[in-house]
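Okay, so here's the structure we're looking at.
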Amino acid sequence: MAIDLQPQPWQGRLDPEDGPSSVRWHQRIDPASQTPGHAEFGLLGFACDAGVRRNKGRPGAAAGPTAFRDQLRNLAWHGDRSRMLDFGDVVVEGDALEAGQARLAEAVAESLDRVYRLLVIGGGHETAWGCFSGLHQTLPANTRVGIINLDAHFDLRKPGADGVSSGTPFYQIAEKLGTDAFHYCCLGVSRTSNTQALFDRADELGVLYREDREMLPRHVPEICQQIRDFCAAVDVLYLTIDLDVLPHFQSPGVSAPAVRGVSLEVVQSVIEEVLRSSVQCRYGLPLVDMTELNPDYDVHGITAKTAAMLADTLLCR
């Protein structure tokens, strides 16, 4: 595996005739390797298909970070004059998943030393194990880490004969922390995409979860209260978004498109509440990831566009 970043990846449309208020994202992002010092936000990619392959899914998410950047670069920037650092991609070749996750953890820890909030773009949801491991390295002992996962799947599978995969990251985290220290909230779970064994495991581990059918617009006030209560009980928050939580028409470019899913309106409401509630946490919300973006199946690039819009909500408001 390697860290790969082209010297000048951020180029795009310019509107000089409209003056200094016509700023786009590409004008606010600098290559971290060429930019000293700190910044408010950072971006890191995890170009990996190994986890999805092991989980018998549709590979292609290794190209997700590139597709994401392509959609993000020309979005209008409505934030302040802060800048963002691009730390490049951790690139996993072949089946070298465990080594790739270890390198991702190192890259996350190194990046968090320079930014207030880091956004990691996968890759499959095996990204989460590397992200969590990197965050955990940066925290004092006994810090209560709260994980909020927007996802159609628990991803609590036990590693099988092929080892860890995109379906195992939160089981791995629970094993590392122990049940009493495992604070996990999974929102958008599809009953038909998770076996009864996985629901039983979630209950045994004390997971707070809501099914997709319980995440309609009329449920938003109740969901937001659950998020507030969850954040009040932890010291730091890690938000992970599997794009397959969205309906298939909003997010076709994933390994497992959702039949029902959770509407974009509700997903954005959840994200906005996470941003508000994270201020209750001693160490805030330093880490977010988005996973499963698969350009091979992304009709009209709508999944990448959706991911870019969600990133704008997370980093520019």
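Taking all protein chains into account, the per residue accessible area for the chain stands at 41 Å² (1.4 Å probe).
Under a no-solvent Debye model with one identical scatterer per Cα of the chain, what's log10 I(q)/I(0) at q = 0.08, 0.09, 0.14 Å⁻¹? The computed values of log10 I(q)/I(0) come out as -0.32, -0.40, -1.04.
Here the stretch 14-120 has 52 percent of its accessible surface on carbon and sulfur atoms, given a 1.4 Å probe and all protein chains in place.
In the stretch 272-317, the alpha-carbon atoms span a convex hull of 75 Å³ per residue. Just so you know, the averaged projected area of the alpha carbon convex hull for the stretch 63-104 sits at 4.0 nm². Relative protection proxy for 307-315, 57-65, from highest mean packing down: 57-65, 307-315 (other beta-carbon atoms within 10 angstrom). State the antiparallel share, in %, of DSSP beta bridges confined to the chain, rounding to the nearest 5. Among the beta bridges of the chain, antiparallel pairing accounts for roughly 10 percent.
With 0.36 nm allotted per residue and the present C-alpha distance subtracted, the Asp70-Val299 stretch has 80.9 nm of extension available.
Average 1/r across all pairs of distinct alpha carbons in the stretch 35-111, invert it, and you get the Kirkwood radius: 14.1 Å.
Send over the per residue convex hull volume for the stretch 170-317, Cα only, as a whole number of Å³. Given the Cα convex hull of the stretch 170-317, per-residue volume reads 115 Å³.
Taking every Cα-Cα distance in the stretch 49-156 and sorting them into 10 Å bins from zero, the calculated P(r) comes out as 12, 40, 36, 11, 0 percent. Shape analysis of the stretch 125-213 places it in the prolate category; the axes a ≥ b ≥ c from the Cα gyration tensor give an a/c of at least 1.5, with a/b above b/c.
Gain on full extension, evaluated as 0.36 nm per residue between Glu204 and Ser33 minus their Cα-Cα distance, stands at 57.1 nm.
With a 1.4 Å probe and all protein chains left in place, how much of the accessible area of the stretch 211-301 comes from carbon and sulfur atoms, in whole percent? That fraction is 53 percent.
Once fully extended, how much extra length lies between Ala96 and Ala197, figured as 0.36 nm per residue of separation less the alpha-carbon to alpha-carbon distance? Could the numbers behind the result be given before it?
Working: separation 101, 0.36 × 101 = 36.36 nm, distance 2.87 nm.
Contour length minus the Cα-Cα distance gives 33.5 nm.
The values are calculated or read from the model by the stated rules, or taken from the named source; none is laboratory data. Just so we're clear, the structure is a prediction, and the values are computed from it rather than from any experiment. With ideal geometry, Cβ positions are generated from the backbone for all residues, glycine too; neighbour counts draw on all protein chains shown. To get the accessible areas, we keep the full protein, side chains included, count just its heavy atoms, and leave off ligands, DNA and RNA. Shrake-Rupley method; radii C 1.70, N 1.55, O 1.52, S 1.80 Å.
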